[in-house]
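This report refers to the structure that appears directly beneath it.
Each reported figure results from applying straightforward, stated rules to the coordinates on display, with no laboratory input. These figures come from a predicted structure and were not determined experimentally. Because the Cβ atoms are built from the backbone with ideal geometry, glycine has one as well, and the counts that use them run over all protein chains shown.
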Amino acid sequence: MESRAAVDDAALGREAWAVLDANWTGSATVPAPGLYPHQWNWDSTFVAIGLARWDTRRAGTELLSLLAGQWSNGMVPHIVFRPVRAEAYFPGPSVWRSRDHRSAPNGVGTSGLTQPPLHALALWWIWRYATDRDTATALVRRLYPMLVAQHDYLATVRDLGGGGLAAIVHPWESGMDDSPVWDAPLEAVPPAGTPYRRAESSEGRPGGHQDRYVALALRYRDSGYEAAYLRDEHPFAVEDPMFNGIWLASCQALAELAPVAGADPGPHRVAVERIRAALLERLWADGLFRARDLRGGGLSPVCTIGCFGPLLDRELPADHVAELVGVLESPRFMGAAGYPVPSCEIRAQEFDRSCYWRGPSWVNTNWLLRRAAAVHDLAGLVRVLGASTLRLVRQAGFRECFDPFDGSGRGSRDFSWSAALTLDLLADTVEG
Ligand code: 2M8
């Protein structure tokens, strides 16, 4: 494979900045040139995290422009469309028709789905590492009520199982679109019948479910994005451990940010306890957290990177932490991959080293697991995850994802979260 092993930290940092600058629109960062010409939700949270130690104002602008797309019911959409090349990505604004919906913002087109709620953790990161304290304080005060509204939406409209967790209603909401965890729940979704047309390259994407992705989006849209429809009729509803683990970590972040915003941290602590109890009661089985299909499928038998999401909870009981880390470090995940962490258990029938979210290693999930290791004081694991992630980008560049066995890059080049999180890892390395 293409090897750039000689790239030193300073050069790597400069290359990362060049990618972020090239993908900067003036108010937000697109995930990659060409393939993703709009602002994506969790991509922007990772970009904000990567910028946090270097440029408070730009990190804040990234989050603010995303939240300009927030719906009045609190939902933060998974895509905020740019008017330029609006239909260059499918499904574009003409499919989602957010402008026709009373809860959607005026003047900006968005999708009707959400993505993992990492926003409060990203804001905490900006606050924690601020280079400009006054800007960070103003930012926390401005964003705090928006994030409270986002969390309220998840706790009400999205608690479709009634057990205290938020359900995703489309694989796109997980951020791990093609994960084999969604294969079984998607079986219950009748395909749209209209062929999925994707202008861009689909290298590394499984073909099987595209029609069902579109069908799900259209059904939800045609219901008027109604909460009652989601509860009673929508055929896809899954409690995902990564989505909920991220939500819990964001509740912990809101509890710390609340005093900065002059608010009471108490409700966020209550939410943390509720989500943790629900994760343990509803998703824990056989030593891992597993996705629960609320439409009848029960707990997923497939183990993926998503199973480790609740490790982000710094108060997760120690025996659960030990079991999870045991699996993570075993040959099922890190132990048999030269370039960890594979997005799916290697021994699983569904594992595919080259297919999006079905095997490749990703910089963002590596970063999340490294953060999880840090909150549990697992210094060795923090070091390994940081070093192996930097080795990936040093050797193959800021690719979208990587082959877990030989480290070669897959998907888009000049991918924003790979570049941004490299900046965060480099800063940590420099700090020692
Ligand atoms: C991928 O998802 C989009 C749909 O949202 C797609 O496949 O077109 C995923 O990797 C997702 O996690 C990411 O946010 C998005 C943009 O980078 O691309």
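How much length would be gained if the chain were fully extended between Y229 and R133, taking 0.36 nm per residue of separation minus their Cα-Cα distance, in nm to one decimal? Present the calculation step by step, with values, prior to reporting the outcome.
On the way: separation 96, 0.36 × 96 = 34.56 nm, distance 4.42 nm.
This chain segment gains 30.1 nm when fully extended.
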Please give the calculated 222 nm ellipticity per residue for the chain, where each DSSP H segment of at least 4 residues contributes -39500 (n - 2.57) and the sum is spread over every residue; nearest 500 deg cm²/dmol? -14000 deg cm²/dmol
Per the Debye formula with a single identical scatterer at each Cα and no solvent contribution, what log10 I(q)/I(0) holds for region 1-77 at q = 0.21, 0.23, 0.26 Å⁻¹? -0.96, -1.08, -1.24
With charges only on Cβ, +1 for K and R and -1 for D and E, what is the dipole size of region 82-239 about its Cα centre, in debye, rounded to 20? 620
If you average the C-alpha positions of region 156-178 and of region 299-318 separately, how far apart do those two centres end up, in angstrom? 15
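Say R0 is 41 Å: what FRET efficiency, to the nearest 0.05, do D152 and A10 get from their beta-carbon distance?
Working: r = 44 Å, r/R0 = 1.08.
E between D152 and A10, to the nearest 0.05, is 0.40.
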Measure off 7 Å from each Cα along the Cα-to-Cβ vector at A336 and E256, then give the distance between these two points in nanometres to one decimal. 3.7
